[in-house]
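Colleague: Handing you a structure now.
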Amino acid sequence: MSEQKAPDPDAEREVDLRSAWTRITARWYLPVAGLVIGAILGVLASVGGGDVFRARTLLYLGQPFTTSGGGQIQSLATNPKTVSQIIRSEAALRKASDDSGLTLGQLRGHVTSAAVVSAGQARNVSPLVEITVDAAAGKKAEKAANSLADTVIGVVSTYVDQKIALLNKQIASSRAELTDIDQRISNAVAQQQAVINDKTISSTDKLIAISTSNNTISFSEQRRGTVQQELFQNQQLLSLAVNVEKSHVVQAAVAGKTTATSRRNAALIGALIGLLLGALAAAIADPFLQRRAARSAA
């Protein structure tokens, strides 16, 4: 007895695929019709989706340096994920909702951030970030984007804000000390002149008094130079902190109309779905009609 060979599943699968392809090519008009109808429905769906407003605000995160301004330090402002995490937090969304009038549901999923980088620049070293809010109302979208930007600044600028406050105190102290020094020098000069003009004081006492006044003036002048140098240095550090280290909004949010879904993308997606459905209909049309005819004959 000759052994019967087991059916080859690969061969059967190839036959099924050939049969399906033959049925599709025989009814080629179904995939074509599905493609055209799908594209039309996709465009109509995108048009019916209406317009939304997109508000973008440009935010500078800052580049914090050491207290002496000698080198950059790692902080929340230098973490590339900081903004994305903050604007999606519940606290930030609630504040944006209160400030803009949008509900939390209208904000969730419609808030994004992206680093603004130039060609060849790494994303994790860019201090510029764009925050985007999509909403049905332009003004509300603007308020929400600005609110989120303010929240980010409040979180990432803690170190720099404290540094600026300390520098302001040091500058105020230096200015007050300079005023006191100038007053001491003025008093010493006036006292010296009074001693010189006083005829009742002996020459020896005058020399002692003048020498004492000169020492006071000399010490005060030296101290004034030191304080002025400290003041100048702190003013430079303050300028660096305010203009370079501190986060701030570069451009406030301005909303513009945009379509909720790209018509081109909607047409392509609709055409692809229509093509697949048309091909499926062509592939199962003959078996379906054969079963239906067999049932009718029975």
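The values are calculated or read from the model by the stated rules, or taken from the named source; none is laboratory data. No experiment lies behind these values; they were computed from the predicted model shown. Reconstructed Cβ throughout: ideal geometry from the backbone, glycine too, with neighbour counts over all protein chains shown. Please note that ligands, DNA and RNA were not included when accessible areas were found on the heavy atoms of the full protein model with its side chains. Shrake-Rupley method; radii C 1.70, N 1.55, O 1.52, S 1.80 Å.
Colleague: Run the quick spin-label model on residue 18 and residue 36: label points 7 Å from Cα toward the beta carbon, then report their separation in nm to one decimal.
Modeller: Rounded to a tenth, the inter-label distance reads 3.2 nm.
Colleague: Once you have the Kirkwood Rh of the range 166-275 from its Cα pairs, apply Stokes-Einstein at 20 °C and 1.002 mPa s and quote D in µm²/s.
Modeller: Numbers: Rh = 20.2 Å.
It comes out at roughly 106 µm²/s.
Colleague: Give me the extension gain from residue 251 to residue 218: residue separation times 0.36 nm, minus the current Cα-Cα distance, reported in nm with one decimal. Can you show the working numbers first?
Modeller: Values: separation 33, 0.36 × 33 = 11.88 nm, distance 5.22 nm.
6.7 nm is the gain from fully extending residue 251 to residue 218.
Colleague: So, counting K/R as plus one and D/E as minus one, what does the shell of residues with Cβ under 13 Å around residue 102 add up to?
Modeller: Its environment carries a net charge of +2.
Colleague: Modelled label-to-label distance, residue 112 and residue 158, 7 Å Cα→beta-carbon offset: nm?
Modeller: That separation, rounded to one decimal, is 3.0 nm.
Colleague: Another question about this same structure. For the range 124-261, what is the accessible area per residue in Å², given a 1.4 Å probe and the full set of protein chains?
Modeller: Heavy-atom accessible area per residue stands at 57 Å².
Colleague: Still on this structure: Please list, in order, the residues from the range 209-248 whose amide nitrogen is less than 13 Å from a point placed 7 Å along the Cα→Cβ vector of residue 175.
Modeller: It comes to 231-232, 235, nothing else.
Colleague: May I pose another question? If 159, 29, 60 are ordered by their accessible area, calculated over protein heavy atoms with a 1.4 Å probe, which sequence runs from highest to lowest?
Modeller: 29, 159, 60
Colleague: So, one more: Count the net charge of all other residues whose Cβ sits under 11 Å from the Cβ of residue 112, scoring Lys and Arg as +1 and Asp and Glu as -1.
Modeller: Neighbourhood net charge equals +1.
Colleague: For the range 216-279, what is the convex hull volume of its Cα atoms per residue in Å³?
Modeller: 112
Colleague: Quick check on my link table: of 143/163; 95/257; 163/246, which ones sit more than 18 Å apart, alpha carbon to alpha carbon?
Modeller: Among 143/163; 95/257; 163/246, the Cα-Cα distance tops 18 Å for 143/163; 95/257.
Colleague: By per-residue mean of other Cβ atoms within 10 Å, what is the highest-first order of 274-285, 230-241?
Modeller: On the way: 274-285: 18.2, 230-241: 16.2.
Result, highest mean Cβ count within 10 Å first: 274-285, 230-241.
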